[in-house]
Amino acid sequence: MKRLTFVVMMVAAMLSFPTQADAQGWLNKLKNKTVDKVKDQVDKTVDDGLNSVLDGKSSEKGNDEQQPAEGDNTPEAVSQNQKSDFVRGSVILFEDDFANEQMGEFPSKWDIDDGSIEVASVNGIKYAHSTAPSSTFSPLMENMQSYLPDVFTLEWDEFMSKPGDYDQTAWHIYFYSGSDEIGNIYKVYRSGDPDAYGNYSFKKGSGASGDVNGSMEWDELKKYIKIGQWNHFAISFNKRAFKYYINGNRVINLPNVAAPSRFSFYIGGEYPYRGVGHVILAKGGAELYQRQTTDVSAVEKAIAETGKFVTNNILFETGKATLKPESMAEIQKVADYMKKNPSVRFEVQGHTDNQGSDAINDPLSQQRAEAVVKALEALGCDGFNLRAVGKGSHEPIADNKTEEGRAKNRRVEFIKK
């Protein structure tokens, strides 16, 4: 009834104009205001969608699916937050992105146990490709039998093709204590369906006898695997606690397994992209059963002591400013600190290593800094207190001639202002 009354009043007002020109002018103003309102609503919808992606929420779920409200303490909401807790170790022990290797040659940083591998490329990214029906290979380390510390993280990439006419491929990762196998994870991927499943088996640690086993069905894996793209896999081991991640989502969490001393990759099957890319082994990681308050205190401690918080755990897709899902745990720490200290202002600096030209690295570092700012805003931080600055490779903190140094130089700094 109110809307009808409003329409009648609008018509009456239009009829009361003394001339047609006046009426037309009034209608043009009304039209312009309506267009502006629509544009504002579209801009808001786009911003909301971008914030949803940066917040780690999939845009594929549909607009009608309810998301947990802020501060929701239901078991489901808490569980989802806890499943993105990966933190890369602070000291890089081994890294190979195969970028400097020659195509078709055996990768120089690896040893083969059986089969054969060579450097190949898909979507412009190089990787170690199995050229035999099955291949098992390990990183070249100073002590090949024992190089895994008691706290470590391991990361690698795999490319999952779109459906085709070929059969299947199995990716395995084996863990050993000396010459004895003490654990393994494997995935079988059939791209023709597509379909996949996985299993794992580990010896128990701390003197316990027996094994711990489990499976991962496709209905669960398909929530995390990206078809036709590179996928990021990671492992976090802390003395006895073992966690396994797919694209930043924790899918295995075992509290008590035997400590491994080395590992190897196994690739088999007929899949066209059979291999692994960009492998990173690092010493350290998140503290066992680390609490959120500890995370916040780490930021507080760094700010109090140095006036800045420096991190290598905010990760991006290669050559892009797209945040990887596993970065959100680190960004959440900064967001929690800012909410606790609402008047603090940060200059968010993006830094790269010296691989590539300044013409590429300078704008890329700026775009990455801006992506971090947008992610913080999506988590409820005031954008007025954030300024993105790209530093490129101009302010290294380590030697760019080594892989470990380059890894340290690829960082994000939060400078208190």
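With respect to the numbered conditions (1) among the acidic types (Asp, Glu); (2) assigned to a helix (DSSP H, G or I); (3) without any contact (Cβ under 8 Å) to a residue 60 or more places away in the chain, which one is the sole condition not fulfilled by Glu404?
It is condition (3) that Glu404 fails.
Taking the stated definitions as given, is Glu347 more than 27 Å from Asn123 (Cα to Cα), open to solvent by less than 80 Å² (accessible area, probe 1.4 Å) and not aliphatic (A, V, I, L, M)? Explain how you work it out, then say what you get.
Numbers: more than 27 Å from Asn123 (Cα to Cα): yes; open to solvent by less than 80 Å² (accessible area, probe 1.4 Å): yes; not aliphatic (A, V, I, L, M): yes.
Taking the combined requirement at face value, the residue satisfies it.
Mind checking which residues of region 137-163 are under 18 Å from Tyr224 (Cβ atoms) and out of contact with any Gly (no Cβ under 8 Å at 6 or more places or on another chain)?
Listed by number, the residues that qualify are Leu154, Glu155.
Residue-by-condition table, conditions (1) closer than 22 Å to Thr153 by Cα; (2) open to solvent by less than 20 Å² (accessible area, probe 1.4 Å); (3) under 19 Å from the mean Cα position of the chain (by Cα); (4) of a type in the set (Lys, Arg):
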residue	(1), (2), (3), (4)
Lys340	no, no, no, yes
Val372	no, yes, yes, no
Asn385	no, yes, no, no
Lys417	no, no, no, yes
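Considering only residues that are basic (Lys, Arg) and part of a helix (DSSP H, G or I), which ones fall in region 324-379?
Filtering region 324-379 down to residues basic (Lys, Arg) leaves 324, 333, 339-340, 345, 368, 374.
Result: Lys333, Lys339, Lys340, Arg368, Lys374.
Do we have any residue at all in region 394-411 that's open to solvent by 20 Å² or more (accessible area, probe 1.4 Å) and more than 24 Å from Ser90 (Cα to Cα)? Full working, then the answer.
As a first pass, look at region 394-411 and keep what is open to solvent by 20 Å² or more (accessible area, probe 1.4 Å): 394-404, 406, 408, 410.
Subsequent filtering for residues that are more than 24 Å from Ser90 (Cα to Cα) retains none.
Within region 394-411, not a single residue is open to solvent by 20 Å² or more (accessible area, probe 1.4 Å) and more than 24 Å from Ser90 (Cα to Cα).
Of all residues in region 213-252, which are more than 29 Å from Ser90 (Cα to Cα) and at pLDDT 90 or above?
Answer for region 213-252, where residues must be more than 29 Å from Ser90 (Cα to Cα) and at pLDDT 90 or above: there is none.
Quick check on my filter: what residues within region 317-332 are modelled with pLDDT of 90 or more and open to solvent by less than 50 Å² (accessible area, probe 1.4 Å)?
Across region 317-332, the qualifying residues are Ala321, Leu323, Ile331.
Inspect all residues belonging to region 90-103 and state whether any of them is open to solvent by 40 Å² or more (accessible area, probe 1.4 Å), at pLDDT 85 or above, touching an Asp or Glu at 6+ places or on another chain (Cβ under 8 Å) and not hydrophobic (A, V, I, L, M, F, W, C).
The answer is no; no qualifying residue exists.
The values are calculated or read from the model by the stated rules, or taken from the named source; none is laboratory data. No experiment lies behind these values; they were computed from the predicted model shown. Ideal geometry is used to build each Cβ from the backbone, glycine not excepted, and the neighbour counts take in all protein chains shown. All accessible areas refer to the heavy atoms of the entire protein, side chains included, with ligands and DNA or RNA removed. Shrake-Rupley method; radii C 1.70, N 1.55, O 1.52, S 1.80 Å.
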